[in-house]
Amino acid sequence: MFWLLAVFAYLLGSLSFAIVLSRLSGSPDPRMSGSGNAGATNMLRLAGRKLAILTLLGDLCKGLVPILLAQTAGLDQQQQAWIGLCAVIGHLFPLYFRFRGGKGVATAAGMLLGLYPPAALLAICSWLLTFYLTRTSSLAALIATPLTLPLLAWREPEALLPMTVLTLLIVWRHRGNLRDLFAGRERHF
């Protein structure tokens with residue numbers, strides 16, 4: 001059951017709501033416009049609030065649904081976390097869109113919501129606070145994701161290894177943003 005759910009999670013994660021919604025609405029392809037990222041923040045820039053919210057909800061559900069299915073199947077916490085990571089990897093490298101996806105933040109938040117809601121709450125609150133103070137989505141993601149690791153190490157140590165891999169992937173996907181942040185060129189809202 002673990003491997004079946006892992007494959008399902010990757011395939012579900014590969015469904016890019018930003019790309020699908022942009023095609024359905026006639027909006028620009030988010031991979032070719034704005035920041036070039038297929039995620040909710042770029043959809044807000046390119047297509048407006050409604051499509052950004054739909055993208056965010058779709059991406060959250062991609063991380064949440066596989067975790068809920070793994071829980072229903074009776075898989076342990078670590079297996080659930082690896083399955084959730086497969087959904088995030090699908091978002092980062094979507095099979096259906098030539099492996100050009102988003103940065104995985106919303107899908108990771110959905111994964112955390114199913115895996116350990118207090119960690120999701122910590123991530124969401126720290127993201128919102130950082131974004132409120134800096135108006136920089138990438139910085140908010142780069143702060144919020146690693147902040148969950150000490151809480152998980154303390155309360156859900158079985159999920160720590162997959163979540164550490166997830167954190168490293170998110171930081172790696174934001175490497176261009178890190179360069180821009182250090183150079184003072186990062187986009188703000």
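The values are calculated or read from the model by the stated rules, or taken from the named source; none is laboratory data. Note that the structure is a prediction, hence the values are computed from the model and not measured. Neighbour counts are summed over all protein chains in view; Cβ atoms, including those assigned to glycine, are modelled from backbone coordinates with ideal geometry. Remember, those area values only see protein heavy atoms, side chains included, never the ligands or the DNA or RNA. Shrake-Rupley method; radii C 1.70, N 1.55, O 1.52, S 1.80 Å.
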Gaussian network model of the chain, springs between alpha carbon atoms under 10 Å - residue of M43, M163, M32 with greatest fluctuation: M32
Mean Cβ count within 10 Å, highest first, over the residues of peptides 16-22, 104-110: 104-110, 16-22
Karplus (6.51, -1.76, 1.60) ³J(HN,Hα), θ = phi - 60°, over the range 124-140, in Hz, Gly and Pro reported as x: 5, 5, 5, 4, 4, 5, 4, 5, 4, 6, 10, 6, 10, 5, 5, 4, 4
Accessible area of W82 in the full protein assembly, 1.4 Å probe (Å², nearest 10): 80 Å²
The chain - percent relative contact order, Cα under 8 Å, separation 6 or more: 21 percent
Phi-based couplings in Hz for the range 166-177 (Karplus 6.51, -1.76, 1.60; Gly and Pro marked x): 4, 4, 4, 5, 5, 5, 4, 5, 9, 4, x, 5
Selected from L44, L24, L142 as most flexible by GNM, with the chain as the system and alpha-carbon contacts under 10 Å: L24
Dmax and Rg, reported as Rg then Dmax, of the chain (C-alpha, Å): 15.6, 47
